[in-house]
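Each remark here refers to the structure printed beneath this line.
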Amino acid sequence: WGKAVSLLFPLTLALETIRRCMLEGCGIKEVLPFLFLEIMLGAAMLAAVCVIIRAAERHVRRVGNLTLF
């Protein structure tokens with residue numbers, strides 16, 4: 001289950017991309033799917049963080065407590 005969870009992190013994909021380039025000699029065409037997936041996951045995580053931060057700020061303004069979860 002740890003391997004499945006690690007696939008959600010862009011750093012894992014970045015390491016896989018570098019590994020393929022360095023060890024297997026793959027070019028940009030072969031690693032392009034990994035790069036695209038990295039960018040999409042990074043953008044999704046950034047959007048999620050922005051939503052969570054806004055929710056936390058609304059909570060702090062309303063309650064005056066920094067504990068959201």
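Just checking, how many residues over region 30-69 are among the acidic types (Asp, Glu) and touching a Lys or Arg at 6+ places or on another chain (Cβ under 9 Å)?
From region 30-69, those among the acidic types (Asp, Glu) are 30, 38, 57; that's our starting set.
Next, only the ones that are touching a Lys or Arg at 6+ places or on another chain (Cβ under 9 Å) stay: 30.
Counting residues in region 30-69 that are among the acidic types (Asp, Glu) and touching a Lys or Arg at 6+ places or on another chain (Cβ under 9 Å) gives 1.
Of everything in region 1-27 that's of a type outside the set (Gly, Ala, Ser) and in contact with a Cys (Cβ under 9 Å, 6 or more places away or on another chain), which residue is surrounded by the most Cβ atoms within 10 Å (Cβ to Cβ)? Outline the logic, then answer.
We begin by selecting, within region 1-27, every residue of a type outside the set (Gly, Ala, Ser); these are 1, 3, 5, 7-13, 15-24, 26.
Keeping just the survivors that are in contact with a Cys (Cβ under 9 Å, 6 or more places away or on another chain) gives 17, 20.
Numbers: Thr17: 19, Arg20: 15.
Filtering region 1-27 for residues that are of a type outside the set (Gly, Ala, Ser) and in contact with a Cys (Cβ under 9 Å, 6 or more places away or on another chain), the one surrounded by the most Cβ atoms within 10 Å (Cβ to Cβ) comes out as Thr17.
Residue by residue through region 58-69, note down the ones that are part of a helix (DSSP H, G or I) and surrounded by fewer than 11 Cβ atoms within 10 Å (Cβ to Cβ).
Narrowing region 58-69 to residues part of a helix (DSSP H, G or I): 58-63.
Once the filter is applied, which keeps residues that are part of a helix (DSSP H, G or I) and surrounded by fewer than 11 Cβ atoms within 10 Å (Cβ to Cβ), region 58-69 yields Arg61, Arg62, Val63.
Residue pairs, Cβ under 8 Å, 6 or more apart or interchain, first in region 7-36 and among the hydrophobic types (A, V, I, L, M, F, W, C) and outside any helix (DSSP H, G or I), second surrounded by 13 or more Cβ atoms within 10 Å (Cβ to Cβ) and modelled with pLDDT under 85. List them.
From residues that are among the hydrophobic types (A, V, I, L, M, F, W, C) and outside any helix (DSSP H, G or I), the pairs are Leu7/Leu13.
Restricting attention to region 47-57, does a residue exist that is under 21 Å from Lys3 (Cα atoms) and surrounded by 13 or more Cβ atoms within 10 Å (Cβ to Cβ)? Spell out the reasoning first.
Keep residues of region 47-57 that are under 21 Å from Lys3 (Cα atoms), which gives none.
Checked against the condition, which is being under 21 Å from Lys3 (Cα atoms) and surrounded by 13 or more Cβ atoms within 10 Å (Cβ to Cβ), region 47-57 yields no hits at all.
The values are calculated or read from the model by the stated rules, or taken from the named source; none is laboratory data. The model shown is predicted, which means the values in this text are computed figures rather than measured ones. Heads up, the Cβs are rebuilt from the backbone with ideal geometry, glycines too, and the neighbour counts pull from every protein chain shown.
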